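Enquirer: First the structure, then my questions, so here it is.
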Ligand SMILES: NC(=O)C1=CN([C@@H]2O[C@H](COP(=O)(O)OP(=O)(O)OC[C@H]3O[C@@H](n4cnc5c(N)ncnc54)[C@H](OP(=O)(O)O)[C@@H]3O)[C@@H](O)[C@H]2O)C=CC1
Ligand SMILES: CC(=O)C(=O)O
Ligand SMILES: [Mg+2]
């Protein structure tokens, strides 16, 4: 695969293999722990909603998951641009679409692969599934069968049926084109438009663009046989015929001459640089074939600097991909219990997307992409991780649906609806995206201290191959090579820099530095020398302080207390020197920071105030407004206990310091995190649930994190080591490859 972020075959396969095969699982939302739960969820209790639904079918939206459940259906006949590889092979794409539905719009989706090429069989199978779902997303079914299937199902079904490759693509393409033409200063009705690929996506894109004002005689459609002209007989069907025009052009090359717009939904490499050269001024090129575009942005820009280029991929600017549409179209449709997704809803989606890209981009989005995005040639359409999409697009879609009579249950309070959509947003992706984007900007040389650990090596390879920076691995060359080979990453050995005491020319400097630092701490010269050469945490920290790397990640092979003690031989990372460990816990769409999870064993009230301040700093760096709760088993002085006294006093320390963030305490965790419990204490100074929990001691902090991780399935990032002069992050011994990569990215964010 090409592109800036090199993805290897091995990485793609292991992403799908681990931690369990595939990309999602199904989780219950109601308790199922007691005899009573069983009686309610199953027999006899379940009989009650059964009878209610039999009496009034609309109540299925109240008593079952139907109203938030979409089927992603394919027969694998046009998997991306890979062609007909069959139903089973399409499963990774369909599982992927299901995950995108969930992650971007909190829509539950399951993939259903139907092993048939017969349109009638698909129509029958899908129609029979109507009771189960609130909507049907058809995916990667080739033309022309897809037109017949969608049309029949729309007529027969009373829920939205939407072929994503047709309308999802058309909507995004239209949104992008509106903006691209505004930038190039052209009017759609004057543009000469060439569309390559007369299939599902192509026909739908051209139809929508003509509805928006493009003139029939100005649009040339091509397929594998070349231009679709009036009178052509080969490889035709009624849908292509509808777009056939009188023209002397016969090949794509002929068609491209003087064209203002090229839209590609065909196949990799279909467009040449010569074709691009022959286009009009400020040409718009949407090379949307996946996974590889018709022409890469580099190739297009090489011959035409004035081109506005978009692709379907996420590793270039301007991603014109239906991922920007289907999650939000269905969110809006489901929320009004829609009977269909009609043209007005699609156009509302396209207009809302186009408008969003022209608006000022909030800092949180800029932070997620590591650069300020502003409407222009490299930003014609919002980016998929834009957190505004979830609360801007579905209301526009829902409103259009309500106005055109497809809503079974219209939304009364739009403002409350927008608010509820915001709450559906899972901040995890935005936050991680932001960390990685800032890391990529820093381009830090990352020292991975534990080159004998396979997870570390895989993380080092990922860090470098993803373009985040350069990986320096501390380890023996032979061992590193063998380990990489065993992981199928043999070719990565040449890419990584492997450093050890035997091959560095700086060992003498490292030794002298260490001896000088430790000579008054009872360490003699020989021991210091040995430590410098033999202890990889020490060796790696020495590299860092000498500027032979920009940041350091370690801790995967030994307990963090041991690692920290070793690192302290070289740099000051103690409670006395201001170091604090803050751990981010992400779960169910919420993020909470806990501290101190690494450095302070038993903090006093002054230390607690320091921890709160460090936590506030981390929160701000993640784009959050800090709200600190000093946690205890007691709340605002009751029950009185010697153990909670310091938690009671810590806010007063911050008062005296004039801290510039919200804090209060002491309080129990339910008061801190649950707005309705907090309300009982109307004098509480927090304006909302806390997002930083300062814990009484390291043990309570650590116990809480591990409980949340093990029992609640939370994602944990950290402990994030702050207050240390050099960027060092200490992973846990249970860290996965992606945990290590996240920690490396965090370290890179604070690299100078
Ligand atoms: N960025 C996005 O969001 C999306 C991108 N796509 C991409 O669009 C492409 C087509 O998908 P889809 O419409 O579902 O598939 P279909 O199978 O329905 O249609 C494919 C069409 O492309 C034509 N075609 C194939 N190769 C070439 C070529 N080298 N030159 C000219 N025409 C060609 C075919 O011609 P013929 O009729 O002669 O066989 C056919 O008309 C895929 O690459 C897909 O990844 C699709 C949906 C969304
Ligand atoms: C993006 C998409 O749906 C496709 O390429 O088929
Ligand atoms: Mg598709």
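Enquirer: For region 298-324 and region 141-185, write down the distance between their C-alpha centroids in whole Å.
Expert: The two parts, judged by their Cα centres, are 21 Å apart.
Enquirer: Just grab the label-to-label distance for residue 151 and residue 660, each label 7 Å out from Cα along the Cβ direction, in nm (one decimal).
Expert: Spacing of the two 7 Å Cα→Cβ label points: 6.5 nm.
Enquirer: Take the Cα of residue 454, step 7 Å along the line toward its Cβ, and report every residue of region 713-747 whose backbone nitrogen sits under 18 Å from that point.
Expert: Residues 733-741 fall inside that zone.
Enquirer: Using a simple spin-label model with points 7 Å from Cα along the Cα→Cβ vector, what separation in nm is obtained for residue 46 and residue 257?
Expert: Result: 6.9 nm between the two label points.
Enquirer: Label points 7 Å out from Cα along the Cβ direction at residue 516 and residue 99: separation in nm?
Expert: 5.0
Enquirer: Expressed as an acute angle from 0 to 90° and rounded to the nearest 10, what is the orientation of the C-alpha long axis of helix 507-518 relative to the principal long axis of the chain?
Expert: Between the helix axis and the principal axis of the chain, the angle is about 50 degrees.
Enquirer: What full-extension length gain, to one decimal in nm, is calculated for residue 230 and residue 711 as 0.36 nm per residue of separation minus the Cα-Cα distance? Working shown, then result.
Expert: On the way: separation 481, 0.36 × 481 = 173.16 nm, distance 6.55 nm.
Stretched out fully, the residue 230 to residue 711 stretch lengthens by 166.6 nm.
Enquirer: Starting from the Kirkwood Rh over alpha-carbon pairs, what translational D in µm² s⁻¹ does region 28-94 have by Stokes-Einstein at 25 °C and 0.890 mPa s?
Expert: Numbers: Rh = 15.1 Å.
Rounded to a whole number, D works out at 163 µm²/s.
Enquirer: Applying 1/(1 + (r/R0)^6) with R0 = 22 Å to the Cβ-Cβ distance of residue 359 and residue 409, what FRET efficiency is obtained, to the nearest 0.05?
Expert: Numbers: r = 30 Å, r/R0 = 1.36.
Efficiency computed from Cβ-Cβ geometry: 0.15.
Enquirer: For residue 132 and residue 559 in one chain, what is 0.36 nm times their gap in residues minus the Cα-Cα distance, to one decimal in nm? Spell out each step's value before the answer.
Expert: Details: separation 427, 0.36 × 427 = 153.72 nm, distance 4.92 nm.
In short, 148.8 nm is gained.
Enquirer: Rounded to the nearest 5, what % of the DSSP beta bridges within the chain are antiparallel ones? Write out the running numbers ahead of the final one.
Expert: Values: 18 of 73 bridges.
That works out to approximately 25 percent antiparallel.
Enquirer: When the chain is fully extended, how far beyond the present Cα-Cα distance does residue 377 get from residue 503, taking 0.36 nm per residue of separation?
Expert: On the way: separation 126, 0.36 × 126 = 45.36 nm, distance 4.76 nm.
Value of the extension gain: 40.6 nm.
Enquirer: Would region 580-723 count as rounded, prolate or oblate if I go by the C-alpha gyration tensor, calling it rounded below 1.5 in a/c and otherwise prolate when a/b exceeds b/c, oblate otherwise?
Expert: Details: a/c = 1.28, a/b = 1.17, b/c = 1.09.
Since a/c stays below 1.5, the shape of region 580-723 is classed as rounded.
Enquirer: Summing -39500 (n - 2.57) over the DSSP H runs of n ≥ 4 in the chain and dividing by its residue number, what mean residue ellipticity at 222 nm do you reach, to the nearest 500 deg cm²/dmol? Can you show the working numbers first?
Expert: Working: 31 runs with 319 residues, N = 752.
Theoretical 222 nm ellipticity from helices: -12500 deg cm²/dmol.
Enquirer: While we're looking at this one, here's another question. Would you please state which residues of region 190-226 a label at residue 237 would reach in this model, taking the label point 7 Å out along Cα→Cβ and a backbone N cut-off of under 19 Å?
Expert: The answer is 195-208, 221-226, whose backbone nitrogens lie closer than 19 Å to the label point.
Enquirer: Relative to the first principal axis of the alpha-carbon coordinates of the chain, what is the inclination of helix 200-211, with its axis defined by its Cα atoms, in degrees from 0 to 90 and to the nearest 10?
Expert: So the helix axis and the longest Cα principal axis differ by about 70 degrees.
Enquirer: Related question: Normalising by the residue count of the chain, find the relative contact order in percent from Cα pairs under 8 Å and 6+ residues apart. Don't skip to the answer; put the middle values down first.
Expert: On the way: 1462 pairs, mean separation 70.1, N = 752.
So the answer I get is 9 percent.
Enquirer: So how long is each side of region 434-567 along the principal axes, counting just the alpha-carbon atoms, biggest first, in Å?
Expert: Over region 434-567, Cα extents along the principal axes are 45, 34, 29 Å.
Enquirer: How big is region 106-176 along each principal axis, measuring the range of its Cα positions in Å and listing the largest first?
Expert: Extents along the principal axes, in whole Å: 36, 30, 22.
Enquirer: Would you order 577, 434 from fewest to most other beta-carbon atoms within 10 Å of each residue's own beta-carbon?
Expert: 577, 434
Enquirer: Angle between the Cα long axis of helix 145-156 and the longest principal axis of the chain, 0 to 90 degrees, nearest 10?
Expert: Rounded to the nearest ten degrees, it is 90.
Bear in mind that the values in this text are calculations on the coordinates, not laboratory data. Note that the structure is predicted; figures quoted are calculated from it, not measured. Quick reminder, even Gly has a Cβ in these numbers, built from the backbone with ideal geometry, and neighbours come from all protein chains shown.
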